[in-house]
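Q: Below is a structure I'd like to ask you about.
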Amino acid sequence: MLRYIVRRFFNLIPTFVIATFLAWAIIQAAPGDFASQFAFDQVDPNKAERIRALLGLNQPWYLRYLYWLRNVVLHFDFGTSMTSKASVTALILPLMRNSMILLLPATALAFAIAIPIGVYSALHKYSFLDRVLTVFSLMGLAVPNFFLALILLAFTVGWFHHFHWFLLPTGGMTSTAFSSFTPIHKILDVSWHLIGPMLVVSLSSLAFLSRIMRGEMLEVLSLDYIRTARSKGLSDRTVNVKHALRNAILVIVAIIGGTLPGLVSGAGSVEFVTGWPGITPLFISSIFAQDVYVVMALLTILTLLLMVGNLISDLALALVDPRIRY
Amino acid sequence: MDDVRAVKGASLTSIAWQQFKKHPLARIALVVLGIMYLLAAFADFVAPYPEHDINANATFEPPTVVHIRDAEGRLTWPYIYTMKKTIDMQTFESVWTVDTSRAYPLRLFVRRTGIRDRYVPFPVNLIPVPMRRALGIRPWATLHLFGVDDPSGQVKVHLLGTDDLGSDVFGKLLFGARISLTIGILASLVAIVIGMIMGGLAGFYGGWIDEVILRFVEALSAIPDLFLLLTLSAVFYPLHLPSTTQFTVIIVALSVIGWGGTARAVRGQLLSLRERDFTVAAKALGASNSRIIARHLLPQTLSFIIISLSIQIPGYTLAESVLSFFGLGIQPPSTSWGLMLSTAQSFAGVTGLGARWWIFTPGVAIFIAVLTWNLLGDGLRDAFDPKSRR
């Protein structure tokens, strides 16, 4: 097992290097750089060149990639943000935490609802409720995340106009008087702000997950050993839970890693609409400002997360599935 | 003789059509999609006003109600009332009230000959402008599906109200559909072509080519889609490209994200097909590599292509809307449904859904388009995939 983990881990290194190099190349392909905005400075015509030299932007792009890679690998230093002049790591970490506060409960909620729904639909295939759930999940697959978030926002405002009190906050993660709250009050306040975005993020992945769970469960239920188990006279419950569900769950374990990018991306647009202070708003503004190091750091961290997530779900699968040899 | 029936050979497409007909939802989806594409194609004719028609005095005008009963409650020819804008001096919001002093009947097939009202009708507008100039084709059309009987041109019918620029939302939806509905198809076609070429190279030649392509696909899929897509489009953002170029850029960006999956699947298929008897036989008969690929291997993947097209199109449609929503996709003055929703976002917080619900309609359009494409995809999958046949 340990050898398998080590081998898988070393396999990640070339992927990581190629992925970051690709991202770097794409970012550098954009015309101009951060200093371009000072090119027409009336007082100091050389300002752009000075800034370029100061930030090292006058060196070839592939050299700068090597410097960047060295600093990341050796010191975990993602450089300095050009717009805010703060260390990128210091800038990103709190936002990463905020994104996780949204993403983790949303993922957990989505799985917690999707698995029972999928199992129920598979066990009662083509029943009335199964058809209703199918229609709902097809509809869920078709609604863009950000549109759902927009509707939520509009609903929140509409509620306020009608009743003159806020059922849900209109955006953000904390209330304005947050710093003066007691710790318990703070947790409650964040949870209150979390409800809306969390529901939107999990609703949109719910449709997809429950479809997969249903398909997987159906596949398992059609296998020979299930028929054998039934003909042995085992109760429905034993067959469904012990024989079918346990095997179908394996797939869910395997796809957790695979759904992470979708979830991160989906949560991204929700963050943007609801003003959740996560990484996506920063990513967007950094992209417009050509703040290369922030964009790079976010891409790198997300890529790392994704790769590690995939690795963990592969390992988890290897642990729970005795058929997988490593 | 009578009981001898002719045995008819069934081609792949005829089997698929037989199977497809068993899917009522997919058939409905096909019809709905057909209507949407027709509306998009003839947008200039169906929309009452030209594409970039703005009116600073009529921002956020509510939808015009079309009355079909007169004051006594009898059925009449559809007519509308005009809207009047007053400003609430306490909130400085504009308040729209219906002016019932005069009824304006709606007219079908209105001709408007104003210089901005004429347009190039559908099949001709696909020809690029320089080529049209060179060939001397200039078929201006002035006919619109409906309009108001008003010589002054001041009375306007806005079936879905107006947006922040005073443009007709109904018309914008139709013009936006041209982009939103085609980008998915084009992007998935490009992605599948790239994917098939790369997957074909990897699967057929193996060795280091295979290794390099696989590594590349793996690295590409390791970066989260949305963020890679945003980064890719940001490359072209500072160039302020004309809207047709921007359209191409988005297609390229989307297909760069999406070809990896196809490449992997094609590679896998080829690896198994390569060992089949018919390939070995063709090779033994002295067929060249390109002949084997073109005549024996690619046709086998036809079902796969159709199925993956139908899966990818709704995905790309959604991706385009997200991209435009973030401001990195379609740029004004062109419009797409995602871009329209980005306007809606700027104004949702102020008044809420109830007060200006019509600016959210592009979301419904995206929903219907993606839903019908998904349903059609289900039907096509069942039709072309022998495993999921009923």
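Q: For A:14-27, what's the mean count of beta carbons from other chains sitting within 10 Å of each residue's beta carbon? Could the numbers behind the result be given before it?
A: Numbers: counts 3, 7, 2, 1, 7, 9, 3, 1, 7, 8, 0, 1, 8, 4.
Mean shielding count: 4.
Q: Can you give me the relative contact order of chain A as a percent, contacts being Cα pairs under 8 Å and 6 or more apart? Before the final figure, lay out each step's value.
A: Working: 316 pairs, mean separation 84.3, N = 326.
Reported as a whole number, the value is 26 percent.
Q: Same structure again: Once each part is reduced to its C-alpha centroid, what is the distance from the range B:182-201 to the range B:302-346 in angstrom?
A: The range B:182-201 and the range B:302-346 have Cα centres separated by 16 Å.
Q: Next question, about the same structure. Can you give the FRET efficiency for A:Ser179 and B:Val65, using 1/(1 + (r/R0)^6), R0 = 60 Å, r = Cβ-Cβ distance, to the nearest 0.05? Walk me through the numbers on the way to the answer.
A: Values: r = 50 Å, r/R0 = 0.83.
FRET efficiency, A:Ser179 to B:Val65: 0.75.
Q: Right, something else. Using the alpha-carbon centroid of each, what span in Å lies between the range A:16-45 and the range A:236-256?
A: 50 Å
Q: Further, regarding this structure: Helix B:24-41 sits at what angle to the longest principal axis of chain B, using alpha carbons and giving 0 to 90 degrees rounded to 10?
A: For B:24-41 against chain B, the angle is about 60 degrees.
Q: If I fit a long axis through the Cα atoms of helix B:243-274 and take the longest principal axis of the Cα atoms of chain B, what angle between them do I get, 0 to 90°, rounded to 10?
A: The helix B:243-274 is inclined about 30 degrees to chain B.
Q: Could you point to the residue in B:Ala281, B:Gly261, B:Ala234 farthest towards the positive end of the range B:172-388's charge dipole, with +1 and -1 charges on the Cβ of Lys/Arg and Asp/Glu respectively?
A: B:Ala281
Q: Next up: If we count other beta carbons within 10 Å of each Cβ, what is the order of A:Ser286, B:Ser11, fewest first? Write down the numbers at each step before the final one.
A: Numbers: A:Ser286 25, B:Ser11 9.
Placing the least packed residue first, the sequence is B:Ser11, A:Ser286.
Q: For the pair B:Ala141 and A:Trp192, what calculated FRET efficiency results from E = 1/(1 + (r/R0)^6), where r is the Cβ-Cβ distance and R0 = 60 Å, to the nearest 0.05?
A: Values: r = 56 Å, r/R0 = 0.93.
Working from the Cβ atoms, E equals 0.60.
Q: Which whole-number percentage describes the relative contact order of the range A:16-77, with Cα contacts under 8 Å and a sequence gap of 6 or more? Kindly include the intermediate steps, with their values, before the conclusion.
A: Details: 22 pairs, mean separation 15.7, N = 62.
Normalised by residue count, the contact order of the range A:16-77 is 25 percent.
Q: Using a 10 Å cut-off around each Cβ of peptide A:286-292, what is the average number of partner chain Cβ atoms that fall inside?
A: Values: counts 1, 10, 6, 0, 3, 0, 0.
For peptide A:286-292, the averaged partner shielding equals 3.
Q: Let me ask something else about it. How big is the charge dipole of the protein assembly as shown about its Cα centre, in debye rounded to the nearest 20, if each Lys and Arg gets +1 on its Cβ and each Asp and Glu gets -1 on its Cβ?
A: Working: 57 positive and 42 negative charges, 414 e Å.
Here the size comes out at about 1980 debye.
Q: Right, here's the next one. Residues in the range A:249-269 near a label at A:Glu219, defined as backbone nitrogen under 17 Å from the 7 Å Cα→Cβ point?
A: A:249-259
Q: Between B:Val280 and B:Thr13, what is the spin-label point distance in nm, taking each point 7 Å from the Cα along the Cα→C-beta axis?
A: 3.4 nm
Q: Just to confirm the filter: which chymotrypsin sites (Phe, Trp or Tyr not before Pro) across the range A:165-237 are DSSP coil and have at most 15 other Cβ within 10 angstrom of their Cβ? Walk me through the intermediate numbers first.
A: On the way: sites: A:Trp165, A:Phe166, A:Phe178, A:Phe181, A:Trp192, A:Phe208, A:Tyr225; in loops: A:Trp165, A:Phe166, A:Phe181.
Here the sparse-neighbourhood loop sites are A:Trp165, A:Phe166, A:Phe181.
Q: Please check chain A for the longest run free of trypsin sites (Lys or Arg not before Pro) that are loop-located per DSSP (anything but H, G, I, E, B) and have at most 15 other Cβ atoms within 10 Å.
A: Formally, the longest exposed-site-free interval is A:126-231.
Q: Hey, with R₀ at 45 Å, roughly what FRET efficiency would B:Ala134 and B:Phe109 work out to, going by the Cβ-Cβ distance, to 0.05? Write out the running numbers ahead of the final one.
A: Numbers: r = 32 Å, r/R0 = 0.72.
Rounded to the nearest 0.05, the efficiency is 0.90.
Q: Could I ask something else about it? Run through all the Cα pairs of chain B and give the fraction in each 20 Å bin from 0, expressed as whole percent.
A: Final binned percentages: 22, 47, 25, 7, 0.
Q: Can you bin the range B:220-358 into rounded, prolate or oblate? Criterion: square roots of the alpha carbon gyration tensor eigenvalues sorted a ≥ b ≥ c, rounded for a/c under 1.5, prolate for a/b above b/c, oblate for the rest.
A: Working: a/c = 3.46, a/b = 2.73, b/c = 1.27.
Prolate, since a/c reaches 1.5 and a/b exceeds b/c.
Q: Going toward the positive end of the dipole of the protein assembly as shown, with +1 on Lys and Arg Cβ and -1 on Asp and Glu Cβ, which of B:Leu160, A:Met217, B:Ile87 do you reach last?
A: Value: A:Met217.
Q: Sort A:Ile117, B:Ile35 so the one with the fewest other Cβ atoms within 10 Å of its own Cβ comes first. Walk me through the numbers on the way to the answer.
A: On the way: A:Ile117 21, B:Ile35 11.
Fewest to most other Cβ atoms nearby, the residues stand as B:Ile35, A:Ile117.
Q: Could you state the principal axis extents of the C-alpha atoms in the range B:117-178, from the largest down, to the nearest angstrom?
A: Sorted from largest, the Cα extents of the range B:117-178 read 38, 27, 19 Å.
Q: How charged is the neighbourhood of B:Glu61? Take every other residue with its Cβ under 15 Å from the Cβ of B:Glu61, and add Lys/Arg as +1 and Asp/Glu as -1. Show your work: numbers first, answer last.
A: On the way: positive: B:Lys84, B:Lys85, B:Lys156, B:Lys172, B:Arg356; negative: B:Asp53, B:Glu93, B:Asp99, B:Asp163, B:Asp164, B:Asp168.
Charge balance in the 15 Å sphere: -1.
Q: Once the Cα atoms of helix B:302-325 and of chain B are each reduced to a long axis, what angle between those two axes, in degrees from 0 to 90 to the nearest 10, is obtained?
A: 40 degrees
Q: Let me confirm one metric for peptide A:155-162, namely the mean number of other chain beta-carbon atoms within 10 Å of its residues' beta-carbons. Mind showing how you got there, number by number?
A: Values: counts 4, 4, 8, 7, 3, 1, 5, 2.
That average works out to 4.
Q: Tell me which trypsin sites (Lys or Arg not before Pro) from the range B:57-153 have a DSSP coil assignment and no more than 10 other beta carbons within 10 Å of their own.
A: Numbers: sites: B:Arg69, B:Arg74, B:Lys84, B:Lys85, B:Arg102, B:Arg107, B:Arg111, B:Arg112, B:Arg116, B:Arg118, B:Arg132, B:Arg133; in loops: B:Arg74, B:Arg112, B:Arg116, B:Arg118.
Passing sites in the range B:57-153 are B:Arg74.
Q: Next question, about the same structure. Mind giving me the nanometre distance, one decimal, between the label points for A:Thr238 and A:Asn58, set 7 Å out from Cα along Cα→Cβ?
A: About 8.1 nm, to one decimal.
Q: Given the DSSP H assignment, sum -39500 (n - 2.57) over each helix run of at least 4 residues in chain A and divide by its residue total; what's the result at 222 nm in deg cm²/dmol, nearest 500? Walk me through the numbers before you get to the answer.
A: Working: 11 runs with 238 residues, N = 326.
Counting only the DSSP helices, I get -25500 deg cm²/dmol.
Q: How many angstrom separate the Cα center of the range B:12-42 from the Cα center of the range B:207-256?
A: 31 Å
Q: Let me have the relative contact order for chain B, percent, based on Cα pairs under 8 Å that are six or more residues apart. Before the final figure, lay out each step's value.
A: Values: 544 pairs, mean separation 82.8, N = 390.
That works out to 21 percent.
Q: Ok, one more. If I model a spin label at A:Ile312 and A:Met100 as a point 7 Å from the Cα along the Cα→Cβ vector, what separation in nanometres do I get?
A: Result: 0.9 nm between the two label points.
Q: Here's a follow-up. When each pair of different Cα atoms in chain A is counted once in the 1/r mean, what is the Kirkwood radius in angstroms, to one decimal?
A: Working: mean 1/r = 0.0432 Å⁻¹.
By the Kirkwood definition, the hydrodynamic radius is 23.1 Å.
Q: State which helices in chain A qualify, where a helix is a whole DSSP H run, it must extend 20 Å or more along its own axis by its Cα atoms, and its mean Kyte-Doolittle hydropathy must be at least 0.5. Please list the in-between numbers first.
A: Details: long enough: A:2-29 (41 Å, 1.25); A:61-75 (21 Å, 0.15); A:88-123 (50 Å, 1.75); A:128-142 (22 Å, 1.53); A:145-163 (27 Å, 1.56); A:183-221 (49 Å, 0.94); A:246-274 (39 Å, 1.40); A:292-320 (42 Å, 2.29).
The answer, listed by residue number, is A:2-29, A:88-123, A:128-142, A:145-163, A:183-221, A:246-274, A:292-320.
Q: Tell me which aspartates and glutamates have Cα within less than 20 Å of B:Lys283's Cα, excluding those fewer than 8 residues away on the same chain?
A: Within reach: B:Glu275.
Q: Could you pull out every one of the lysines with an alpha carbon less than 25 Å from that of B:Lys172, ignoring same-chain neighbours closer than 8 positions?
A: Qualifying lysines at Cα under 25 Å: B:Lys84, B:Lys85, B:Lys156.
Q: Now, a different point. Assigning unit charges at the beta carbon (Lys, Arg +1; Asp, Glu -1) and nothing else, what dipole magnitude in debye, to the nearest 20, does chain B show about its Cα centre?
A: Working: 34 positive and 27 negative charges, 243 e Å.
The calculated dipole for chain B is roughly 1160 debye.
Q: Return the calculated 222 nm mean residue ellipticity for chain B, to the nearest 500 deg cm²/dmol, obtained by summing -39500 (n - 2.57) across DSSP H runs with n ≥ 4 and dividing by the residue count.
A: Values: 13 runs with 214 residues, N = 390.
Calculated mean residue ellipticity at 222 nm is -18500 deg cm²/dmol.
Q: I need the Debye-formula profile for the range B:64-190: one equal scatterer per C-alpha, no solvent, reported as log10 I(q)/I(0) at q = 0.13, 0.16, 0.20, 0.21 1/Å, two decimals.
A: Here the Debye-derived log intensity ratios amount to -0.77, -1.01, -1.27, -1.32.
Q: Near B:Lys156, within a Cβ-to-Cβ distance under 10 Å, what is the net charge of the other residues, with Lys and Arg +1 and Asp and Glu -1?
A: Details: positive: none; negative: B:Asp53, B:Glu61, B:Asp150, B:Asp168.
Value of the local net charge: -4.
Q: Once Lys and Arg get +1 and Asp and Glu get -1 on their Cβ, which of A:Phe38, A:Leu315, B:Met340 lies farthest toward the positive end of the dipole of the protein assembly as shown?
A: A:Leu315
Q: Which value, in debye to the nearest 20, gives the size of the charge dipole of chain A about its Cα centre, when Lys and Arg are +1 and Asp and Glu are -1 at the Cβ?
A: On the way: 23 positive and 15 negative charges, 238 e Å.
Result for chain A is approximately 1140 debye, rounded to the nearest 20.
Every number here is computed from the coordinates shown, using simple stated rules; none is lab data. The shown structure was predicted, so the numbers you read here are calculated from the model rather than taken from an experiment. Ideal geometry is used to build each Cβ from the backbone, glycine not excepted, and the neighbour counts take in all protein chains shown.
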